[in-house]
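Since the structure comes first, as structure tokens, the remarks are kept for the end.
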Amino acid sequence: MPTLMPESDSEDELPPAWEERATSDGLVYYVNHQSKSTQWTHPRTGKIKRVSGELPIGWTRHIEEETHKVIFVEEKTQRKSYTDPRLAFAVEEAPTQIGELRQRFDSGTNALQVLHGRDLSGKVALITGANTGIGFETARSLALHGCEVVFACRDEVGSRAAIGRILAEKEAAGKRCKFVPLDLASLHSTKLAAEEVKKNYNHIDMLVLNAGVFALPHSLTEDGLEQTFQVNHLSHFYLTNLLSDVFNVTTRVIVVSSESHRMSSLPVSGLSESDLCPQHHKFWSMMAYNNSKLCNVLFAFELAKRWKPRGISVFVLHPGNMVSSSLSRNWWFYRFLFGLVRPFTKSLQQAASTTVFCATAHELTGLTSLYFNNCYVCEPSGASKNEQLQQELWELSDKMVQRLMGETQ
């Protein structure tokens with residue numbers, strides 16, 4: 001009969017009489033001082049952990065002469081510890097199957113909690129729409145943990161003000177934030193943004209397709225396409241493919257969609273450009289948004305299939321219901337409605353948590369083509385899993401870009 005574990009605020013907390021140790025090559029093991037036994041799996045979670053093979057800078061390993069025990073010394077302060085300092089950075093081995101994922105966070109978790117104890121130094125994230133709302137909290141959270149963040153946004157003044165807020169909070173974090181002009185209502189602007197990114201970076205670790213519009217009246221972009229469709233889907237499709245050269249096996253592409261994708265009116269076969277960009281008399285702003293969010297999920301799943309041989313992970317997510325952000329800015333009724341439900345919805349930090357989780361969680365390494373809500377994998381709509389529809393959207397998107405820009409994706 002398994003031993004009953006006492007209640008704890010943390011699944012990762014060890015029960016009484018247990019101690020966590022690490023071998024010299026970085027494999028974590030657990031000692032039970034009561035039963036005088038050891039095991040490789042965590043006594044609460046059943047997971048295996050590893051740490052970096054090297055000690056943190058400034059630490060050395062010694063053997064005590066009297067006790068013959070291993071002791072760790074921080075050279076600068078001469079502080080001594082029997083606990084391996086690498087254990088502070090221990091991570092669980094990535095699961096090989098989706099069913100092995102366990103839920104560490106939920107709807108009440110905020111982005112900074114997801115990143116607790118993480119050092120993202122040396123990582124680069126590009127986030128569209130990073131100057132406001134959920135995108136800003138995503139960018140801020142990553143920057144505060146050492147990540148260099150590229151703000152790919154239309155509003156330069158707003159973006160530099162947002163970077164200034166991070167700079168005021170933590171100077172080093174603000175200095176890691178850069179601005180790249182990107183107007184998703186223009187394929188030409190999207191191409192220029194991609195060229196600037198590739199000029200300055202040879203690798204992107206996290207591409208977060210966050211920007212979006214909602215409740216717009218029927219309007220056309222400079223490319224002659226319905227604006228909600230182009231901003232929410234097509235330009236992100238184009239940007240992702242243009243940046244292909246700066247992605248590798250460590251890259252994650254994160255697509256911010258919505259549960260609204262379940263209420264789309266797109267046909268499950270025979271998709272046409274008129275379905276994606278309806279004429280004025282057939283246009284309803286809410287349905288245009290729903291359709292664009294289904295496009296996000298379809299695109300993510302098709303991209304995951306095409307890039308799986310490259311080892312690139314692609315995840316798509318729902319950040320939260322009616323989160324109080326600038327998304328509702330285009331019509332007074334939605335501003336009123338979003339304001340009315342604000343006390344009952346997620347904060348912006350909570351809404352950013354699933355994006356940050358998908359971008360950084362160790363346990364997602366090697367996985368791809370998953371839909372997340374509340375920092376956990378869940379089932380998307382049946383239409384979004386239709387492989388024929390995924391392929392049709394990709395091919396139609398490619399034809400539209402090729403017609404307007406003369407480029408095949």
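The values are calculated or read from the model by the stated rules, or taken from the named source; none is laboratory data. Source: prediction; values computed, not measured. All Cβ positions, even for glycine, are placed from backbone atoms using ideal geometry, and neighbour counts span all protein chains on display. With ligands, DNA and RNA removed, areas are computed over all heavy atoms of the protein, side chains included. Shrake-Rupley method; radii C 1.70, N 1.55, O 1.52, S 1.80 Å.
Table for the structure above
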{"item": "Set of lysines with alpha-carbon distance to K175 below 24 Å, sequence-local pairs under 8 removed", "result": "K123, K198, K199"}
{"item": "Rounded to 5, percent antiparallel among DSSP beta bridges of the chain", "result": "45 percent"}
{"item": "Span-like helix ranges in the chain, DSSP H, alpha carbon extent 24 angstrom or more, Kyte mean at least -0.5", "result": "285-307"}
{"item": "Taking only Cα atoms of segment 68-213, radius of gyration then Dmax in Å", "result": "19.2, 68"}
{"item": "Point-charge dipole on Cβ atoms (K/R +1, D/E -1) for segment 40-170, about Cα centre, debye to 20", "result": "180 debye"}
{"item": "Cα lying deepest toward the dipole's positive end in the chain, options N296, Q391, I57, charges on Cβ", "result": "N296"}
{"item": "Positive-end extreme of charge dipole, segment 55-188 - chosen from Q113, A161, T96 (charges on Cβ)", "result": "A161"}
{"item": "Probe 1.4 Å, all protein chains present, accessible-area order of D155, D25, largest first", "result": "D25, D155"}
{"item": "Probe 1.4 Å - accessible area at R21, Å² to nearest ten", "result": "90 Å²"}
{"item": "Surface/4 estimate of mean projected area, convex hull on alpha-carbon atoms of segment 168-308, nm²", "result": "10.2 nm²"}
{"item": "Long-range amide H partners of V149 with built H, under 5 Å", "result": "A125, C177, K178"}
{"item": "³J(HN,Hα) computed for each position of segment 24-34 - Karplus, 6.51 cos²θ - 1.76 cosθ + 1.60, integer Hz, glycine/proline x", "result": "5, 8, x, 8, 7, 9, 10, 10, 9, 6, 6"}
{"item": "Counted charge near I134, where neighbours are those whose Cβ lies closer than 13 Å (Asp, Glu -1; Lys, Arg +1)", "result": "+1"}
{"item": "For the chain: accessible area per residue (Å², 1.4 Å)", "result": "48 Å²"}
{"item": "Nearest-0.05 FRET efficiency for H33 and V73, computed from C-beta distance (R0 30 Å)", "result": "0.80"}
{"item": "Paramagnetic reach from D12 (point 7 Å along Cα→Cβ, amide N under 16 Å) across segment 122-152", "result": "145"}
{"item": "Heavy-atom accessible surface of the chain: percent carbon and sulfur, 1.4 Å", "result": "51 percent"}
{"item": "Relative contact order (%) - segment 201-306, alpha-carbon pairs under 8 angstrom, separation at least six", "result": "37 percent"}
{"item": "Where N is the number of residues in the chain, Cα Rg divided by 2.2 N^0.38 Å", "result": "1.09"}
{"item": "For the chain, calculated [θ]222 nm from helices alone, where every DSSP H run of n ≥ 4 adds -39500 (n - 2.57)", "result": "-9500 deg cm²/dmol"}
{"item": "Calculated SAXS-style log₁₀ I(q)/I(0) at q = 0.14 Å⁻¹ - segment 262-309, Debye, Cα scatterers", "result": "-0.39"}
{"item": "Kirkwood Rh, Cα atoms: Rg over Rh of segment 111-185", "result": "0.95"}
{"item": "Segment A88-A161, extension gain: residue separation times 0.36 nm, minus the distance between their alpha carbons", "result": "22.8 nm"}
{"item": "Net length gained if the chain between Q391 and T23 were fully extended (0.36 nm per residue, minus Cα distance)", "result": "127.7 nm"}
{"item": "Normalised contact order of the chain, rounded percent, pairs of Cα under 8 Å and 6 or more residues apart", "result": "15 percent"}
{"item": "Solvent-accessible surface (1.4 angstrom probe) belonging to F283, in square angstrom, nearest 10", "result": "40 Å²"}
{"item": "Diffusion coefficient, µm² s⁻¹, Stokes-Einstein with Kirkwood Rh over alpha-carbon pairs of segment 1-141 at 4 °C and 1.567 mPa s", "result": "71 µm²/s"}
{"item": "Cβ-defined net charge surrounding T250, 13 Å radius [Lys, Arg +1; Asp, Glu -1]", "result": "+2"}
{"item": "Local net charge near E392, Cβ-Cβ under 15 Å (Lys/Arg +1, Asp/Glu -1)", "result": "-2"}
{"item": "D245 accessible area, assembled protein chains, probe 1.4 Å, Å²", "result": "130 Å²"}
{"item": "Within straight-line cross-link reach of K282, lysines at Cα separation under 21 Å, skipping those fewer than 8 residues along the same chain", "result": "K293"}
